[in-house]
Structures are given as structure tokens and as C-alpha cells.
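Here is the structure we will look at.
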Amino acid sequence: TRVEASLNQLEQTAGTAMTDIRSTCRQLEDKSTRVEASLNQLEQTTGSTLNEIRNDCKESNARVKASLKQKNEALQQSLSEAREEVHRIAVSLELSKKDNHNIHTNLSEKLEKLIESKNEVERQWSERFSQAERRWTEQFTMAERSWKEQLEHLEPSWKIESSQLTVTDEKLGMGAYGEVRVGMYCGGQVAVKQLHEVIISPYVSKQFNREMQLTSRLRHPQLIQFIGAVTTDKVTLLVTELMETSLRKQLMQGRISKEHILPISRDVACALNYLHSLPEPI
């Protein structure tokens, strides 16, 4: 489009130049006519001198016309060459458009094929993942069911048979959840905590079993050693190490001296540090 506009502008410029040249030629012809008329008048007066001047004017006029003709021919040739160049550029642009269209068509076809391949791969992977997920779920469910069945048939390591434990009438203390008495287990004295029957429920039993599982794994010099528990439908007994005394007895005997406060505090801090440093802190 820009080349065509430049060509049109060139044609207009050439037309204007041709018009100017023709106008100049007409003016020269007019001047020549006037000069000839003047020469005729001068010839009548001057004779041979005017003939010479007339000849000079004719030669000059001829040279001017020849020069203008040459310029006109050169201009026409340039205009023709410009038109040919515009035609070549137009043909080249048309070929480029066709090539671009073909390239765009090929790229579009390849892109569609790639999208189809991508969708097919995603579909296959989705099917494989779904199948694998179903297999994993089934295997995990079967394994979980098997573990639960095995756990149901296993007795906890902390469970004690009621026939192995004897509870005496010696009471060590009482709280909101039960009372503590002295007992005999495997020939040694132990502390036995019996839960009140009024608070025993499925939820309490579940929490109690969870606490037993946790307590049975604790081992520290500043913690009362857990020995085991008796769990039946009628009674729940917690068996631990029997201490020689208790903080309550010491306080009832009188104020604790500063020499004893520091060791007690240190032992409590050591026990808490042990509980807080477990993989699952307590």
C-alpha cells in the first residue's frame, strides 16, 4: 500500500513536471514566435544580421526542445521502472501471504495433534493412577482390618490378672477419681489405685486404656514406676511403685526445710524435662 501511494505520488510529480515542461515549451514557443516577429522586424531594418540572429535562435530552440525531449524520455523510463518494481513487490507480498497461510495451517494442525496427545496421555495416567489408588486403598484397608483383628486378640503388655494382685485394707489416700491402697504383687508391696464405680463408662475406659499404653512406656528415676493394671467389667485397678513416704506426710509432720526443697524441685524439673523431651511430648 505504501509503495502504491509512493507510485501515485511519483506519477503526480511526473505529471506536474510534464505540465511544467509543456508550459515552458509553450512559453518558449511564444517567445520564439515573438522573437521571430521581432527578427522579422529587425530583418527588415538590419538585413543579414537579423538572419544570423534568427538562425541562432532556431538552433537554441532546437537544442532546448531536444533537451526537454531527453528529460521527458528519461522520466518516462523511470516511471516505467518504478511500476515494474511495484509489480514485483506486490507479487512477492502475495507469495509471502500464501507461505504464511501455509505455515499457520501446519502449525495449527501440529498444535491440535499435540493437544490431542497431551489429553490422551493425561487420560491414560489418570486411569492408571485411579487403578493404583484403588489397589492401594484396598490393600491398606485389608492391612488395617488385619491389624485391628490382631490387636483385638492381643492382650496389653501392662495387663495384670486379678488373681495375681491382692489389695489390703491399708488406705494411702483418696481423690475425686478413686482411692489408693497398699497391695501385694509378685511378693512385693505396691500402690493400688481403684477407680470409683460411678465414673466408669465406655469413654473413661477408653481414656484409661490410652493412659495405660502411654504410662507403660515411661522410665525415669524421678517418676513413680508404673507396673500394670487390672481391668474387668466390675473393677479397674492401677498398680504402681509404692513410695516410702509422700509429700502430704512430710507436710503434715511439719514445714519442709530449705535443704529438702531444692532436691525436690530439682527432681520435679528433671521429671518434667524427660516428659517434655519425648518424641511425643507429654
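The values are calculated or read from the model by the stated rules, or taken from the named source; none is laboratory data. Please read these numbers as outputs of a predicted model, since none were measured by experiment. Positions of Cβ are generated from backbone atoms using ideal geometry, with glycine treated the same way; all protein chains shown enter the neighbour counts. The accessibility values were calculated without ligands, DNA or RNA, using every heavy atom of the protein model including side chains. Shrake-Rupley method; radii C 1.70, N 1.55, O 1.52, S 1.80 Å.
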Test: residue in the stretch 245-259 that is at pLDDT 90 or above, surrounded by 11 or more Cβ atoms within 10 Å (Cβ to Cβ) and of a type in the set (Gly, Ala, Ser): no
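Got a sec? Which of 130, 146 is assigned to a helix (DSSP H, G or I), modelled with pLDDT under 80, open to solvent by less than 60 Å² (accessible area, probe 1.4 Å) and farther than 18 Å from residue 238 by Cβ?
Working: 130 fails: modelled with pLDDT under 80.
That would be 146, the only listed residue that is assigned to a helix (DSSP H, G or I), modelled with pLDDT under 80, open to solvent by less than 60 Å² (accessible area, probe 1.4 Å) and farther than 18 Å from residue 238 by Cβ.
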Exactly one of 86, 91 is surrounded by 14 or more Cβ atoms within 10 Å (Cβ to Cβ) and under 30 Å from residue 2 (Cα atoms), and that one is 86
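Check 103, 53 and return the single one that is farther than 30 Å from residue 19 by Cα and open to solvent by 60 Å² or more (accessible area, probe 1.4 Å). Full working, then the answer.
Working: 53 fails: farther than 30 Å from residue 19 by Cα.
Only one candidate qualifies: 103.
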Checked the stretch 1-23 for anything open to solvent by less than 60 Å² (accessible area, probe 1.4 Å) and either closer than 13 Å to residue 72 by Cβ or among the hydroxyl-bearing types (Ser, Thr, Tyr) (or both); matches are 14, 15, 17, 18, 21, 23
The correct count of residues that are of a type outside the set (A, V, I, L, M, F, W, C), under 15 Å from residue 190 (Cβ atoms), over 47 Å from the mean Cα position of the chain (by Cα) and surrounded by 17 or more Cβ atoms within 10 Å (Cβ to Cβ) in the stretch 207-232 is 1
Might you check whether a residue that is surrounded by fewer than 10 Cβ atoms within 10 Å (Cβ to Cβ), modelled with pLDDT of 85 or more and under 30 Å from residue 241 (Cβ atoms) occurs anywhere in the stretch 171-187?
yes
Note on residue 204: of the conditions (1) open to solvent by 50 Å² or more (accessible area, probe 1.4 Å); (2) at pLDDT below 85; (3) β-branched (Val, Ile, Thr), unmet is (1)
For the stretch 32-50, the count of residues that are at pLDDT below 80 and open to solvent by 100 Å² or more (accessible area, probe 1.4 Å) equals 3
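Regarding residue 62, is this residue closer than 26 Å to residue 17 by Cα, modelled with pLDDT under 85 and in a helix (DSSP H, G or I)? Walk me through how you get there before you give the answer.
Details: closer than 26 Å to residue 17 by Cα: yes; modelled with pLDDT under 85: yes; in a helix (DSSP H, G or I): yes.
So residue 62 fits the description; yes.
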